[in-house]
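J.: Sharing a structure here in C-alpha cells format.
The values are calculated or read from the model by the stated rules, or taken from the named source; none is laboratory data. In this text the structure is predicted, and so the values were computed from the model without any measurement. Ideal geometry is used to build each Cβ from the backbone, glycine not excepted, and the neighbour counts take in all protein chains shown. Side chains included, ligands, DNA and RNA excluded: accessible areas come from the protein's heavy atoms. Shrake-Rupley method; radii C 1.70, N 1.55, O 1.52, S 1.80 Å.
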Amino acid sequence: MLKKKIEDICNRQIEREGFSSNLYLAMAVWAETNGFSGVAAWLYSQADEERLHLLKFIKYLNERGGKAVIPAFKKPEAEYKSVEDVFKEVLRHEEFVTASINEMVALTLEEKDFNTHNFLQWFVMEQVEEEASVKNILDKVRLVGKTNMYEFDRDVLGLRKPSGTAQAT
Ligand SMILES: [Fe+2]
Ligand SMILES: [Fe+2]
C-alpha cells in the first residue's frame with residue numbers, strides 16, 4: 001500500500017502534468033493562429049507527451065493500491081507577445097516541474113518508499129532532456145529568429161515527430 005503522503009504528492013503531480021499538457025495546447029493554438037506552424041507542431045507534440053506523463057502517474061497510483069484523482073485544471077494563458085516569449089514560458093514551466101519532481105524524490109527517501117523512488121527516476125532524466133531541448137530552441141530563436149522567423153519555424157518543425165505520434169518511453 002502506498003502511504004497517504006506519497007499518494008497525495010503523486011496526485012499533485014497528476015494535476016501539474018495535466019496542466020502542462022493544456023498549457024502547451026494553448027501555446028500551440030497561439031502559434032498556429034499567428035502563422036508559426038513549425039512551433040505549433042512542436043507544441044502539440046509536447047502536449048501529447050505531457051498527457052503520457054499524466055497517464056504514467058495515473059497507472060502507477062492505481063497499480064500500487066492508491067487512487068488517481070482527475071482534477072479541474074486552471075485555464076492556461078492564451079496570449080503571448082512573441083515566439084521567444086512562448087519558449088521562455090515553456091522553460092520557466094519545465095523548471096517548475098523539475099523542482100516538483102525533485103521534491104517528490106526527496107519525499108520518497110524520507111518515507112523510505114523505494115518503489116516510488118525508482119519509478120520517479122524516469123521523470124528525473126526526462127526533465128533533464130526537456131530543459132535541454134527548450135534551451136536549445138531558445139538559443140536558436142535568439143540567433144536565427146531575429147532576422148528570419150520563417151527559417152526558425154521550419155527548423156523547429158524538423159525537431160519533432162508530428163502530433164499524435166509521441167511515444168511513451
Ligand atoms: Fe511532464
Ligand atoms: Fe515537460
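J.: Sum -39500 (n - 2.57) across every DSSP H segment of at least 4 residues in the chain, then divide by the residue count to get the 222 nm mean residue ellipticity, nearest 500.
T.: -26000 deg cm²/dmol
J.: Starting from the Cα-Cα distance between L159 and A72, subtract it from 0.36 nm times their residue separation and give me the gain in nm to one decimal. Present the calculation step by step, with values, prior to reporting the outcome.
T.: Working: separation 87, 0.36 × 87 = 31.32 nm, distance 3.16 nm.
Full extension from L159 to A72 adds 28.2 nm.
J.: From the phi of every residue in segment 119-136, what ³J(HN,Hα) in whole Hz does the Karplus formula 6.51 cos²θ - 1.76 cosθ + 1.60 yield, where θ is phi - 60° and glycine or proline is x?
T.: 4, 6, 4, 4, 6, 4, 5, 4, 5, 4, 5, 4, 5, 5, 5, 6, 4, 4
J.: Near K140, within a Cβ-to-Cβ distance under 12 Å, what is the net charge of the other residues, with Lys and Arg +1 and Asp and Glu -1?
T.: With Lys, Arg at +1 and Asp, Glu at -1, the neighbours total -1.
J.: Extension gain W122-R12, at 0.36 nm per residue separation less the Cα-Cα distance, in nm? Display every interim value, and only then the final one.
T.: Details: separation 110, 0.36 × 110 = 39.60 nm, distance 1.76 nm.
Length difference between fully extended and current span is 37.8 nm.
J.: Under a point-charge model restricted to the Cβ atoms of Lys and Arg (+1) and Asp and Glu (-1), what is the dipole moment magnitude of the chain relative to its Cα centre, in debye to the nearest 20? Walk me through the intermediate numbers first.
T.: On the way: 23 positive and 28 negative charges, 66 e Å.
Roughly 320 debye, rounded to the nearest 20.
J.: So which of K4/K88; K56/K140; K59/K135; K81/K140; K81/K146; K4/K112 end up more than 25 Å apart, counting from Cα to Cα?
T.: K4/K88; K56/K140; K59/K135
J.: Give me the 1.4 Å probe accessible area per residue for the chain, excluding ligands and nucleic acids, in Å².
T.: The answer is 54 Å² per residue.
J.: May I pose another question? May I have the pair-distance distribution P(r) for the chain, computed from all Cα-Cα distances with 5 Å bins from 0 and rounded to whole percent?
T.: 1, 9, 17, 21, 18, 13, 9, 6, 4, 2, 0, 0
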